[in-house]
Amino acid sequence: MAGWSGRIIYDAKGDTMSGCTSYYVGIDVGGTSVKMGLFAEGGELLGKASVLTPPLTDEAGFNAVTAGIDQLLSEAALDVASVAAVGLAVPCPVPASGEITLAANITIAPAELKAALEAHCSAAVVRYVNDANAAAMGELWRGSAQGRTSMVMVTIGTGLGGGVVVNGDVIDGAFGAGGEIGHMCVNPDETRTCGCGLKGCLEQYASASGVVSNYLKACEDHGVEPRELAGSSDSRTVFQACREGDAQALEAMEVMTDYLARGLTIISAVVDPEIYILGGGASASSDVFLDTLRAKFAAHALKVSAGTPIEVATLGNDAGIIGAAYVALRAAGE
């Protein structure tokens, strides 16, 4: 099957069946690749595969997804009738109704893709979930927030995303804006416009691109030539400069943590989660900023929330498929 890469991960007994009769597929639709995972009911990952993201608007695109499901099932010696539910994590708002109305970052026909999956997996429930919300549910089910009933996931990538879970349920919101913490206003005096069209959004300061922006501004303010960067979201280079004691990089990190701590204190005053989980590519540099963030949050949060743990995600790139599968599993039980 050209284009597919996958491997089956067996349980400790070397048996993919494990006495389970229902299985779940988690699909994470990204701008570059579609990642898929096959799961048993207890959360065991039985296999995963990926393919370059096609336009998900016609039969060819839909077939690429269903072929991936068939690949996973075949390698696990299962048939399509054993799939109880399919969860799709997508990079766009998913309102409580499940009907996607805005898909700015991906070419997708949501209703048609869902119909194709329902036709292919005729016994399965199919559910959409926002990708950041899926990552949050993945960390809740099998990751750093396992055993909790409420949490907030903060994904620090090119942008700043989030997933809010209350009483075990992800908050999609009436219009799909639940968890869009990157677009809360933390600086009403900002004159620059965020990618969303607003000004002063948390994403402008605390995302990977925000860290780079903070750094370039600090260099300009101090008349210092900035280090060579790989791109507008190359926070890795800035954080490495922090490790080396670069004053402008450290200033950029201070701006990031000032605003991120402010954002988390606002969230705690509204949601009061049991734990915050930091994910996304920039979380790999948490050794640079995590202690500073924790201290600033504790200093400014309401006293009752000041001790809220802030930890780093553990599922990495698998969080989306794991969370999508968990959403599917829960939907099948409704």
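Some notes on this structure:
- Identity of the residue in the range 129-177, at pLDDT below 95 and hydroxyl-bearing (Ser, Thr, Tyr), that ends up surrounded by the fewest Cβ atoms within 10 Å (Cβ to Cβ): Thr158
- Elements of type helices (runs of 4 or more DSSP H) contained in the range 186-272, each with 1 or more residues being in contact with a Cys (Cβ under 6 Å, 6 or more places away or on another chain): 203-206, 247-270
- Within the range 161-184, residues that are within 12 Å of Gly263 (Cβ to Cβ) and among the aliphatic types (A, V, I, L, M) sit with their Cβ atoms under 8 Å from residues that are open to solvent by 20 Å² or more (accessible area, probe 1.4 Å) and outside any strand (DSSP E or B), at 6+ positions apart or across chains, in these pairs: Met184/Ile266.
- For the range 236-252, a residue qualifies if it is closer than 24 Å to Asp189 by Cβ and open to solvent by 10 Å² or more (accessible area, probe 1.4 Å), and the qualifying residues are Gln248, Leu250, Glu251.
- Residue in the range 51-76 that is surrounded by the fewest Cβ atoms within 10 Å (Cβ to Cβ), counting only those that are touching a helix residue (DSSP H, G or I) at 6+ places or on another chain (Cβ under 8 Å) and hydroxyl-bearing (Ser, Thr, Tyr): Thr57
The values are calculated or read from the model by the stated rules, or taken from the named source; none is laboratory data. Remember, predicted model here, so these are calculated numbers, not experimental data. All Cβ positions, even for glycine, are placed from backbone atoms using ideal geometry, and neighbour counts span all protein chains on display. For the accessible areas, the whole protein counts, side chains as well, though only heavy atoms, and no ligand, DNA or RNA atoms are used. Shrake-Rupley method; radii C 1.70, N 1.55, O 1.52, S 1.80 Å.
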